[in-house]
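Undergrad: Submitted below is the structure of interest, expressed as structure tokens.
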Amino acid sequence: MANNAMPTGIQWRKSSYSSDQGGECVEVADIPAAPAPTIAIRDSKNPAGPTLTLDPATFTTFLNWAATTAE
């Protein structure tokens with residue numbers, strides 16, 4: 001079974017559009033030392049919960065989709 005644990009010491013960050021009032025926020029972190037560069041995404045209200053990891057190209061595709069869908 002693969003080890004899916006997040007490395008310690010990674011720096012999580014929230015969008016500048018997020019507030020401290022709760023709601024629907026996610027945090028992202030760069031993980032450069034994974035088998036390949038990886039972007040980790042988690043729910044800011046549940047930092048110990050599941051984490052989604054994507055390669056940078058897939059994350060960029062997701063951001064572009066989200067930006068066009070939000071309009």
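Undergrad: Given a Förster radius of 22 Å and the C-beta distance between residue 52 and residue 17 as r, what FRET efficiency does 1/(1 + (r/R0)^6) yield to the nearest 0.05? The partial results should precede the final answer.
TA: Numbers: r = 19 Å, r/R0 = 0.87.
It comes out at approximately 0.70.
Undergrad: Answer rounded, prolate or oblate for the range 26-69, using the Cα gyration tensor with square roots of eigenvalues a ≥ b ≥ c: rounded when a/c is under 1.5, else prolate when a/b is larger than b/c, else oblate. Please list the in-between numbers first.
TA: On the way: a/c = 2.80, a/b = 1.09, b/c = 2.56.
Oblate, because a/c is 1.5 or more while a/b does not exceed b/c.
Undergrad: Sorted by packing (mean other beta-carbon atoms within 10 Å per residue), highest first, where do 54-65, 37-48, 6-17 land? Working shown, then result.
TA: Numbers: 54-65: 12.5, 37-48: 14.6, 6-17: 10.0.
Answer by packing, highest mean first, reads 37-48, 54-65, 6-17.
Each value in this text was obtained by applying a stated rule to the coordinates, not by laboratory testing. Since this is a predicted model, take the numbers as computed values, not measurements. Quick reminder, even Gly has a Cβ in these numbers, built from the backbone with ideal geometry, and neighbours come from all protein chains shown.
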